[in-house]
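To start, the structure itself, in structure tokens.
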Amino acid sequence: KDHSAFLLSDGTAKSVGANWEGQLGDGTTTNKTTAVAVSSVSGCTSVASGNSHSMFLLSDGTAKSVGANDYGMLGDGTTTRRTTAVAVLNVTGCTAISTGFHHSLFLLSDDTVKSVGNNGNSQLGDGTTTNRSTAVAVSSVSGCTAVGAGYYHSLFVLSDASVKSVGGNW
């Protein structure tokens, strides 16, 4: 929302802006007007910024995250805020990431999807409204080619060019 993360050509990341939850990943909660290096992130291939958390896809198909974690959206199995990047649990073979307001999506190499975080509007697609602090499989989505996490919803583009969605619809 009030911060941005940037992927650099050497596989590292930088970030800038609001940092009240540590979402810049520099080990502090101090807002920054100049981009700072994200600690503990290398081999990065993609970045995504949520409301108050950031997600990093690594070249080995895993992900790291940093920032607010009150809904478990960092995926580290806790609801503890992190100011340096931590590993997202239960995510391997990841090819794309997307962050929403308080949730994140992971497109896997087998064209399935996992999700983590706030699920108050069923935006995680696991058939519940239970928040998840560890990534769970999105039900009824296979053959997925792209993902998009919104405010309280998630979108999935399928190989036949159709789109599925879950979550808030107002």
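For the pair W20 and S59, a Förster radius of 22 Å applied to the C-beta separation gives a FRET efficiency near 0.15, rounded to the nearest 0.05. Given a 1.4 angstrom probe, I'd like the percentage of the accessible area of the chain that is carbon and sulfur, rounded to a whole number. C and S atoms contribute 48 percent here.
Taken over the C-alpha atoms, region 78-130 has Rg and Dmax values of 11.7, 32 angstrom. Annotated for the chain: lysine pairs at least 8 residues apart or interchain, Cα distance under 22 Å, count 8. For region 1-156, what log10 I(q)/I(0) values come out of the Debye formula at q = 0.10, 0.11, 0.20, 0.21 1/Å, with one point per alpha carbon and no solvent? Each listed q corresponds, in turn, to -0.29, -0.35, -1.16, -1.28.
Taking a ≥ b ≥ c as the square roots of the eigenvalues of the Cα gyration tensor, region 129-170 is classed as oblate, since a/c reaches at least 1.5 and a/b does not exceed b/c. For T45, the residues whose amide H sits under 5 Å from its own are L57, L58, S59, ignoring neighbours fewer than 5 places away on the same chain, with H placed 1.01 Å from N.
Taking the Cβ-Cβ separation of T145 and T79 as r and a Förster radius of 41 Å, what is the calculated FRET efficiency to the nearest 0.05? The value I calculate is 0.80. Here the Kirkwood formula puts the hydrodynamic radius of region 89-170 at 12.1 Å, using every distinct Cα pair. Looking at the chain, the accessible area is 42 square angstrom per residue; that uses a 1.4 Å probe and ignores ligands, DNA and RNA. Spin-label pair N169-A137: with each label point 7 Å from Cα along the Cα-Cβ axis, the two points sit 2.4 nm from one another. Between D111 and F6, the FRET efficiency from the beta-carbon distance, with R0 = 30 Å, is close to 0.60.
The values are calculated or read from the model by the stated rules, or taken from the named source; none is laboratory data. Every value quoted in this text rests on a predicted model; they were computed, and no experiment measured them. Counting neighbours? That spans all protein chains shown, and the Cβs are built from the backbone with ideal geometry, glycine included. For accessibility, only protein heavy atoms count, side chains too; no ligands or nucleic acids. Shrake-Rupley method; radii C 1.70, N 1.55, O 1.52, S 1.80 Å.
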